[in-house]
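> Once you've had a glance at the structure underneath, I'll fire off some questions.
What follows draws every value from the coordinates through simple rules; no lab data is involved. Given the structure is predicted, the values throughout are model-derived calculations rather than measurements. Reconstructed Cβ throughout: ideal geometry from the backbone, glycine too, with neighbour counts over all protein chains shown.
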Amino acid sequence: MVTGGYSGEAVISYKSASTIQNNLDPEQYNVYKIDITREGWFYEPSGGDKIAVDKNDFTIRDKGEKVSFDAALIALHGTPGEDGKLQGYFDMLHIPYTGCNAATAALTMNKSYTTGVAGKAGINVARSVLLFDHSPVDTAAILQNLQLPLFVNPTAADRALV
């Protein structure tokens, strides 16, 4: 199971990973929780020191044995788990994983791209305005186009953190 991440959403990832681990049958599955952080990718066995993940093949060494994984259960919110980066990495290594593929994750992580593609596909989407930090905001024009109450969301919050 992969958890953590490079954004503030890591806190939610850890909660998701705990919930998943508490509900997996240890008689059926050997679960290794891999924590991805900016400081590195690690497995931490109970009562042991952190073990670095070999990113060349996504393996660890546990008790002197090389451990390869049959699949990756992605319980990571934000980047690199929700934006397609981790999925692309697993695709290159031919490791199956849970969730959508890299292209779908990359597309849906960016709200502007998602609504653009969905709208072109004939799916009803809410009216929206895309704002850029380098352009002035005309609040009156926005409120004329949209109506209150409205929802404000970053297009791709993790993009700046990559």
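> Given 118, 75, which one is under 28 Å from residue 30 (Cβ atoms) and surrounded by 10 or more Cβ atoms within 10 Å (Cβ to Cβ)? Show your work before the answer.
Working: 118 fails: under 28 Å from residue 30 (Cβ atoms).
That would be 75, the only listed residue that is under 28 Å from residue 30 (Cβ atoms) and surrounded by 10 or more Cβ atoms within 10 Å (Cβ to Cβ).
> For segment 97-126, what are the residues that are assigned to a helix (DSSP H, G or I) and either under 21 Å from residue 71 (Cα atoms) or among the β-branched types (Val, Ile, Thr) (or both)?
So the first thing to find is which residues in segment 97-126 are assigned to a helix (DSSP H, G or I), and the list is 102-109, 111-120.
Within segment 97-126, 102, 103, 104, 105, 106, 108, 114, 115, 117 meet the criteria.
> Could you please give the count of residues in segment 1-51 that are assigned to a strand (DSSP E or B) and in contact with a helix residue (DSSP H, G or I) (Cβ under 6 Å, 6 or more places away or on another chain)? Walk me through it before giving the result.
Looking only at segment 1-51, we keep the residues that are assigned to a strand (DSSP E or B), and these are 2-4, 34-37, 40-43, 51.
Subset that is in contact with a helix residue (DSSP H, G or I) (Cβ under 6 Å, 6 or more places away or on another chain): 3-4.
Here the count works out to 2.
> Could you please tell me which pairs satisfy a Cβ distance under 8 Å, a separation of 6+ or placement on different chains, a first residue in segment 60-76 that is farther than 10 Å from residue 1 by Cα, and a second residue that is part of a loop (DSSP other than H, G, I, E, B)?
These pairs meet every condition: 60/32; 60/53; 62/32; 62/45; 67/32; 68/57; 68/58; 70/96.
> So, of the residues in segment 1-60 that are within 19 Å of residue 98 (Cα to Cα) and of a type in the set (Gly, Ala, Ser), which turns out to be surrounded by the most Cβ atoms within 10 Å (Cβ to Cβ)?
The qualifying residue surrounded by the most Cβ atoms within 10 Å (Cβ to Cβ) is 5.
> Name the residues in segment 10-34 that are of a type in the set (S, T, N, Q) and in contact with a strand residue (DSSP E or B) (Cβ under 8 Å, 6 or more places away or on another chain), would you?
Start the filter on segment 10-34 by keeping residues that are of a type in the set (S, T, N, Q), which leaves 13, 16, 18-19, 21-23, 28, 30.
Of everything in segment 10-34, those that are of a type in the set (S, T, N, Q) and in contact with a strand residue (DSSP E or B) (Cβ under 8 Å, 6 or more places away or on another chain) turn out to be 13, 16.
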